[in-house]
Amino acid sequence: MAKIPHQPEEIFAEFTADLKSIFQDGLLSIILFGSGARGEYVRKKSDINFLVILSEEAIQTIGLAIPLVKKWRKRAVSLPLFLTPLYVKSSLDSFPMEFLEMKTHHRLVFGEDYLAPLEIKSEHLRLQCEREVKGKLLHLRQGYLSSQGKSRILRSLLIQSLPTFATIFSALLSLKGEPIPTKKLDIFLRTAEVFDLDTEVFRIIFQMRYERRKLSKPKLQDLTNKYIEEIRKLSKMVDKL
C-alpha cells in the first residue's frame, strides 16, 4: 500500500526522479506550494501541491505523466500544476492573486525558482480582488437562498468558501502594504483587523472547517447572515482601493 508521507520533503527525491525520467532536460523546476510550504501540512488531511515548470517542448508530451498522476495521488499528491516559463510570464495579469500566493509561500524542490523574481502589478491584483470578492458575495447570497435554511447545506456553503477567501485576503493585505501571515487563521484575522471586519465571524467559520466546530441551527443561520454582511462591506471597500 502506498505510504502517505508524514512531511512533504519525504517524497521530494522520488517525485523528482519520476519526473526527470519522463521529461529529462525538459524538466526545469519543481516547487512546493500550498499547506506544505506554509508549514500547515497535516498527514491524511492535507494534499501536497507541486508546481512543475517544463520547457515548451516538454509540455507537449505531458500525457506521458498520466501514470505518475495515479501513482502519486495515492500518496496525497494533488494533480501537479504543469506550466512553462512563458505561460507564467504572460499570465501575471490574468492570475495575479494565485501567483502572489505561490510566490509568498513556496519551497524550491528542484531546478530554478521561477516564483521569487515575479513582479505582481497592484492594478492587476486589485481588479482580480474586486471581481473575486463580488463574485463570492453573489455566490454566498444565492447559496443561502437555495439552502432553504437547511443546516447541512449552510455549513457546507460557509466552510467551502474559506480556502478561496484565504487567497483573496492575502492579496488584499498585499495591496494594503501589509505583510502576509504564514498561517491561514492569521490571514483571516489580520485582514478583518485591517478592513475593520468582525474577526469573530471568520474565527468561527475557520473552527467549523478545521476544528469541526458545530453550531445549532439558529446560530448557524445568524452566522451566515453576518458572514454575508461582512463580505458585502468588504466588497464596497475593495471598490475604493
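Observations
- Scan of the stretch 151-203 for residues that are in contact with a Ser or Thr (Cβ under 8 Å, 6 or more places away or on another chain), more than 17 Å from residue 99 (Cβ to Cβ) and touching a residue at least 40 places away in the same chain (Cβ under 8 Å), ordered by number: 154, 157, 158
- Qualifying residue in the stretch 38-59 (condition: free of Cβ contacts under 8 Å to residues at least 24 places away in the same chain, under 27 Å from residue 132 (Cα atoms) and crowded, with 16+ Cβ neighbours inside 10 Å): no
- For the stretch 1-96, the helices (runs of 4 or more DSSP H) that sit wholly inside it and include 1 or more residues that are touching a Leu at 6+ places or on another chain (Cβ under 9 Å), modelled with pLDDT under 95 and closer than 28 Å to residue 170 by Cβ are 66-73.
- The helices (runs of 4 or more DSSP H) found entirely in the stretch 104-219 that carry 1 or more residues being surrounded by fewer than 18 Cβ atoms within 10 Å (Cβ to Cβ) and of a type in the set (Asp, Glu) are 122-146, 184-194, 199-210.
- Yes/no for residue 113 being under 16 Å from residue 31 (Cα atoms) and within 21 Å of the chain's Cα centre (by Cα): yes
- Here residue 94 clears all of (1) touching a helix residue (DSSP H, G or I) at 6+ places or on another chain (Cβ under 9 Å); (2) crowded, with 17+ Cβ neighbours inside 10 Å; (3) under 17 Å from residue 164 (Cα atoms) except the condition numbered (2).
The values are calculated or read from the model by the stated rules, or taken from the named source; none is laboratory data. Please read all numbers here as calculations on a predicted model, not as lab measurements. Glycine gets a Cβ as well: all are built from the backbone with ideal geometry, and neighbour counts include every protein chain shown.
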